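Peer 1: Here it is, the structure, as structure tokens.
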Amino acid sequence: MTTSSARAESRSAPVKKPPTARPKPRDDTRLALAFIAPALIGFLVFLVWPTIRGIYLSFTTYNLLTPAEFTGLDNYRRMLGDPIFWNSMRVTLQYVAINIGLQTVLALVIAVMMQRLTQRTWLRGVVLTPFLVSNVVAAMVFLWILDYQLGFGNFLLTQIGLERIPFLTDENWVIPTIAGINVWRHVGYTALLIFAGLQTIPASVYEAGRMDGAGEVRMFFSITLPLLRPIMALVLIITVVGSFQVFDTVAIATGGGPVNASRVLQLYIYDLAFGRFQFGYASALSVALLVVLMTISFVQYRLLRADSSDLD
């Protein structure tokens, strides 16, 4: 009986199948490289190679007509003693300070108002509209508006009893005016970047602040600004780098005048390279600008602790 029952149990017990080998994961490396290749080729051809070529030319004398002649550090020694270079650097720093100060404050105010008062999509489109206008078109429009004799802006000033202002022809007004033009064009884009950062702040944090009796101003300085620090660091790095590269607005509106009062560094480099064909010296100034931007970006990144967030 015992033997027969054991046989019956063995028949009813399920038969274990040998484990099947799992299929190997598909290797998509070639497909990924195929998608990355166009962007990688463009990056190498239009960014990496020109950068390496420019660094090499900065140690040469080159004018397109004759082969480049290696001159060592002569271009950099000339740069240190070039008064126009230092004036261009001073003018550029003045523009950057005004542009970054106005743009950051206005963009922060606009972003907070969009986040706290209304989040309608059409309003974001209106805020972004000036950014869709090219720098050349914006410069030409404001050149007509701010013209000393025929500009509509000066006409309005005379209508309210004020004197005309030489916005683009006076040494004291030209850089603030150019900065104002570019603030008008870029503030909407900067505000949307900050607005995106505001969306990452949990609403529960503001609710806790209200329960503690904090008002809007107190919550802005105690909650919004500290939690917005990584986004503000990114925004400042982007806007500072972009401000140092200002060129087209100045080239169209003033051409560097009056008397080099608006000759920013990019315009000076362009004039040396394509106006005087001093490509070696222009490359040296470009390398100096690259070093300045890398240094400023690194300092901003470290001081603002862009790699960490108080939400973590």
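Peer 1: Just a yes or no: is a residue in the stretch 241-264 open to solvent by 10 Å² or more (accessible area, probe 1.4 Å), charged (D, E, K, R), under 16 Å from residue 170 (Cα atoms) and out of contact with any strand residue (DSSP E or B) (no Cβ under 9 Å at 6 or more places or on another chain)?
Peer 2: Yes, the conditions are met somewhere in the stretch 241-264.
Peer 1: What about residue 168, is it open to solvent by 50 Å² or more (accessible area, probe 1.4 Å) and of a type in the set (A, V, I, L, M, F, W, C)? Give the derivation first.
Peer 2: Details: open to solvent by 50 Å² or more (accessible area, probe 1.4 Å): no; of a type in the set (A, V, I, L, M, F, W, C): yes.
So residue 168 fails the test.
Peer 1: Would you tally the residues in the stretch 159-169 being of a type in the set (S, T, N, Q) and under 22 Å from residue 258 (Cβ atoms)? Step through it out loud before you land on a result.
Peer 2: First, the residues of the stretch 159-169 that are of a type in the set (S, T, N, Q): 159, 169.
If we keep only those that are under 22 Å from residue 258 (Cβ atoms) as well, we get 169.
Count: 1.
Peer 1: Taking the stretch 198-215 only, how many residues are open to solvent by less than 20 Å² (accessible area, probe 1.4 Å) and free of Cβ contacts under 8 Å to residues at least 60 places away in the same chain?
Peer 2: 2
Peer 1: Looking at the stretch 171-189, which of its residues are over 22 Å from residue 131 (Cβ atoms) and either surrounded by 13 or more Cβ atoms within 10 Å (Cβ to Cβ) or touching a Leu at 6+ places or on another chain (Cβ under 9 Å) (or both)?
Peer 2: Going through the stretch 171-189, the residues over 22 Å from residue 131 (Cβ atoms) turn out to be 171-174.
Result: 171, 173, 174.
Peer 1: While we're here: From the set of residues in the stretch 272-287 that are open to solvent by less than 20 Å² (accessible area, probe 1.4 Å) and not hydroxyl-bearing (Ser, Thr, Tyr), which is nearest to the chain's Cα centre (by Cα)?
Peer 2: Residue satisfying both the conditions and the ranking: 285.
Peer 1: While we're on this one: Can you tell me which residue among 222, 297, 262 is small (Gly, Ala, Ser), part of a helix (DSSP H, G or I) and touching a residue at least 24 places away in the same chain (Cβ under 8 Å)?
Peer 2: Details: 222 fails: touching a residue at least 24 places away in the same chain (Cβ under 8 Å); 262 fails: part of a helix (DSSP H, G or I).
Just one listed residue meets the conditions, 297.
Peer 1: While we're on this one: Of everything in the stretch 214-271 that's among the charged types (D, E, K, R) and farther than 15 Å from residue 111 by Cβ, which residue is nearest to the chain's Cα centre (by Cα)? Please lay out each step first, then the result.
Peer 2: The first filter runs over the stretch 214-271 and keeps only residues among the charged types (D, E, K, R), leaving 216, 218, 229, 248, 263, 271.
Next, from what is left, pick out any that are farther than 15 Å from residue 111 by Cβ: 218, 248, 263, 271.
Values: 218: 30, 248: 16, 263: 21, 271: 24 Å.
So the residue we want is 248.
Peer 1: Please verify whether the stretch 44-54 includes one or more residues that are under 16 Å from residue 278 (Cβ atoms) and touching a residue at least 12 places away in the same chain (Cβ under 8 Å).
Peer 2: Scanning the stretch 44-54 turns up at least one residue that is under 16 Å from residue 278 (Cβ atoms) and touching a residue at least 12 places away in the same chain (Cβ under 8 Å).
Peer 1: Counting only residues that are open to solvent by less than 30 Å² (accessible area, probe 1.4 Å) and either in contact with a Phe, Trp or Tyr (Cβ under 9 Å, 6 or more places away or on another chain) or not in a helix (DSSP H, G or I) (or both), which one in the stretch 225-240 is nearest to residue 117 (Cα to Cα)?
Peer 2: By that ranking, first place goes to 228.
Each row is one residue, and each column tells you yes or no for (1) surrounded by fewer than 11 Cβ atoms within 10 Å (Cβ to Cβ); (2) among the aliphatic types (A, V, I, L, M); (3) out of contact with any Gly (no Cβ under 8 Å at 6 or more places or on another chain).
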site: 33; (1), (2), (3): yes, yes, yes
site: 55; (1), (2), (3): no, yes, yes
site: 62; (1), (2), (3): no, no, no
site: 71; (1), (2), (3): no, no, no
site: 75; (1), (2), (3): no, no, no
site: 78; (1), (2), (3): no, no, yes
site: 82; (1), (2), (3): no, no, yes
site: 87; (1), (2), (3): no, no, yes
site: 103; (1), (2), (3): no, no, yes
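Peer 1: Of the residues in the stretch 65-90, how many are closer than 10 Å to residue 280 by Cα and either outside any helix (DSSP H, G or I) or among the basic types (Lys, Arg) (or both)?
Peer 2: Summing the residues that are closer than 10 Å to residue 280 by Cα and either outside any helix (DSSP H, G or I) or among the basic types (Lys, Arg) (or both) in the stretch 65-90 gives 4.
Peer 1: If you don't mind, there's one more thing I want to ask. Might you let me know whether the stretch 160-179 holds any residue that is modelled with pLDDT under 90 and within 16 Å of the chain's Cα centre (by Cα)?
Peer 2: No, the conditions are met nowhere in the stretch 160-179.
Peer 1: For the stretch 126-154: of the residues being over 20 Å from the mean Cα position of the chain (by Cα) and among the small types (Gly, Ala, Ser), which is surrounded by the most Cβ atoms within 10 Å (Cβ to Cβ)?
Peer 2: Per the criteria, the residue is 151.
Peer 1: I would also like to ask the following. Sort through 263, 210 and tell me the only one that's of a type in the set (Lys, Arg) and within 30 Å of residue 299 (Cα to Cα).
Peer 2: Details: 210 fails: within 30 Å of residue 299 (Cα to Cα).
The conditions single out 263.
The values are calculated or read from the model by the stated rules, or taken from the named source; none is laboratory data. Note that this is a predicted model, so its numbers are computed, not measured. Every residue, glycine among them, receives a Cβ derived from its backbone with ideal geometry; neighbour counts consider all protein chains shown. Side chains included, ligands, DNA and RNA excluded: accessible areas come from the protein's heavy atoms. Shrake-Rupley method; radii C 1.70, N 1.55, O 1.52, S 1.80 Å.
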